[in-house]
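Heads up, the thing below is written out as structure tokens.
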Amino acid sequence: MSTATQHGVVDQKDSSLKLKRIAAEMRTVLDVRGVVTEHEQLRTYECDGLTGYRVVPGLVVLPETTEQVQAVVRACWREGVPFVARGSGTGLSGGALPVAEGVLIVLTRMRRILEVDLPNQRVIVEPGVINLWVTQKVVPDGYYYAPDPSSQLVCSIGGNVAENSGGAHCLKYGFTTNHVLGLEVVLPDGEIVNLGGKALDTPGYDLVGAFVGSEGTLGIATKITLRIVRKPETVQTLLAAFDSMDEAGGVVSDVIAGGIVPAAVEMMDHLSIQAAEAAVHAGYPLDAGGLLIVELDGPAAEVERQFEFVERACKQHNASMIRIAANDEERVLMWKGRKSAFAAVGRISPDYYVQDGVIPRTALPQVLREIADLGAKSGIRVANVFHAGDGNLHPLVLYDGDVEGEAERAEHVAGEILSVCLRHGGSITGEHGVGEDKKKYMPRMFTTEDLDTMQLLRCAFDPLRLSNPGKVFPTPRLCGEVPGHHRTHPLERAGLAEIF
Ligand SMILES: Cc1cc2nc3c(=O)[nH]c(=O)nc-3n(C[C@H](O)[C@H](O)[C@H](O)COP(=O)(O)OP(=O)(O)OC[C@H]3O[C@@H](n4cnc5c(N)ncnc54)[C@H](O)[C@@H]3O)c2cc1C
């Protein structure tokens, strides 16, 4: 039997035979826990953090070494079978969504910290290492790993690399791409290559830069060299409540205009304050219209002077409450509310969609008003949590999937929010990636020529398009197609594939 999928017309009998051959071969390479073929067990891996998309993978393998990753990738290349890498599965754009007729390569058993080189401020890890473990490993020596996604307790460094993940402290310290210096990669044909290294820069094209954020489409990272940084002398954290988001936003503008680059500036609106407080009791005032967390770090004397500035700005913008963390415990609690906000929204809505867009910081008040209008017009509630310093919005679009038509309206609102971001000179994603979810919005941001040019890079790494196929790019193009004006694909002509 043949089926049309986004990857082409697939002969199911043929692909199931290929998967059986790969599974048999993998049983000779991996231990018994490393090969999963039972349908019920395969279902464990059917989605990532974006649970609206689900596909049961044809086969799951859990390698423990680079050589084992190489063996499975080589087998896929030989058989022409697609594969998808998966870290902890916390992605929010469907990036690790499996392919039904493909292999899911789960990297959670590759979780060793291979080297800690303190004099050079480098740490080399396997891809399944959890983000927070890196800091935990080096903090006794006065260092830490700066990129801190809110999911840092569970997400993997491999996933962070693929998504170029950010976090609250990326305003001052930069995203994952600024902290990854070297990669060992298993290319889609099974070749192992080393890109970059411990040095800050290497001659030639920046292939590490190209790989970071490539969402699993260029191969599988099996070793990652990270840069760690010195813990600052002082950290000061302030929580301020305001009647409106405009007032909170005014503080952010004043602080940045005052030449201060805080370690983090996070904002939450009324709805997300309600949700976070109900979930973790961080002491957020329930009547606040907007909440601000500002963290400053650096030499004590500088932080003290800048902190006075921030406090003054909060008062000038009519803060109804200002609380300063007296110790680490209080600071952790202030952050706990913010870092739990996505999950906490489950307290006020049965279903929600985490949107991720970017705008220039100065457009913040106008964009928030337009998002509120979209919500009001459609009858869909939108809670806002965001990294205010770098204009990275996370509107949480709330809906009830059991109410007829509400999920569709929510999806429409979520899509329109991205159009608002683009109209204001922003982007369709800040840190969660394009994945499966947002590929349809890529043409809103890029021309056909732009997308074709991106394909040239992709095809240089993966000419057979086996590595995470069907993600990021809206239109299934074959490597070797001449870039240029779009020609109708035979599958499209046959009504079997859709061009977004
Ligand atoms: C509650 C919550 C809060 C979050 N907060 C943030 C946040 O503050 N900032 C942020 O940026 N993100 C955030 N995220 C999103 C998510 O945690 C990140 O995208 C994270 O980097 C995904 O890591 P993972 O290990 O779960 O990757 P997965 O979801 O397993 O995979 C993500 C992508 O990476 C690819 N991949 C995984 N491992 C490899 C590898 N070794 N080589 C090549 N490709 C690979 C996959 O194919 C997929 O495309 C949040 C998610 C949740 C659920």
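The values are calculated or read from the model by the stated rules, or taken from the named source; none is laboratory data. Note that this is a predicted model, so its numbers are computed, not measured. Every residue, glycine as well, gets a Cβ built from its backbone with ideal geometry; the counts of neighbours run over all protein chains shown. The accessibility values were calculated without ligands, DNA or RNA, using every heavy atom of the protein model including side chains. Shrake-Rupley method; radii C 1.70, N 1.55, O 1.52, S 1.80 Å.
The residue list Gly216, Gly190 contains one member that is on the phi > 0 side of the Ramachandran plot, touching a Cys at 6+ places or on another chain (Cβ under 9 Å), small (Gly, Ala, Ser) and within 15 Å of the ligand (Cβ to nearest atom), which is Gly190. What about Gln455, is it under 30 Å from Glu79 (Cα atoms) and either within 16 Å of the ligand (Cβ to nearest atom) or not in a loop (DSSP other than H, G, I, E, B) (or both)? Yes, satisfied. One residue stands out among those in region 152-180 that are aliphatic (A, V, I, L, M) and more than 10 Å from the ligand (Cβ to nearest atom): the one that is farthest from Gly389 (Cα to Cα), which is Val180. The lone criterion from (1) open to solvent by less than 20 Å² (accessible area, probe 1.4 Å); (2) under 16 Å from the mean Cα position of the chain (by Cα); (3) within 12 Å of the ligand (Cβ to nearest atom) left unmet by Leu183 is number (2). Considering region 260-283, and only residues there that are of a type in the set (D, E, K, R) and buried (at least 24 other Cβ atoms within 10 Å of the Cβ), the residue that is nearest to Arg338 (Cα to Cα) turns out to be Glu266. Evaluation of Leu491 against the conditions (1) among the hydrophobic types (A, V, I, L, M, F, W, C); (2) part of a helix (DSSP H, G or I); (3) modelled with pLDDT of 90 or more shows that the sole unmet condition is (3). Scanning region 137-151 for residues that are without any contact (Cβ under 8 Å) to a residue 40 or more places away in the chain and within 13 Å of the ligand (Cβ to nearest atom) gives Pro147, Asp148.
Please determine whether any residue of region 84-103 is away from the ligand (no atom under 16 Å from the Cβ) and either part of a helix (DSSP H, G or I) or open to solvent by 70 Å² or more (accessible area, probe 1.4 Å) (or both). No, region 84-103 has no match at all. Considered as a group, the residues in region 115-168 that are within 22 Å of Thr429 (Cβ to Cβ) and among the charged types (D, E, K, R) include one that is farthest from the chain's Cα centre (by Cα), and that residue is Asp148.
Right, Leu226: modelled with pLDDT under 95, within 14 Å of the ligand (Cβ to nearest atom), under 28 Å from Gly298 (Cα atoms) and crowded, with 17+ Cβ neighbours inside 10 Å or not? When the stated conditions are applied, Leu226 does not pass them.
Among the residues making up region 246-259, those that are open to solvent by 10 Å² or more (accessible area, probe 1.4 Å) and either within 29 Å of Pro232 (Cβ to Cβ) or without any contact (Cβ under 8 Å) to a residue 40 or more places away in the chain (or both) are Glu247, Gly249, Gly250, Ser253, Asp254, Ile256, Ala257, Gly258, Gly259.
Is there a residue in region 27-39 that is outside any helix (DSSP H, G or I) and closer than 26 Å to Leu132 by Cα? No, region 27-39 has no match at all.
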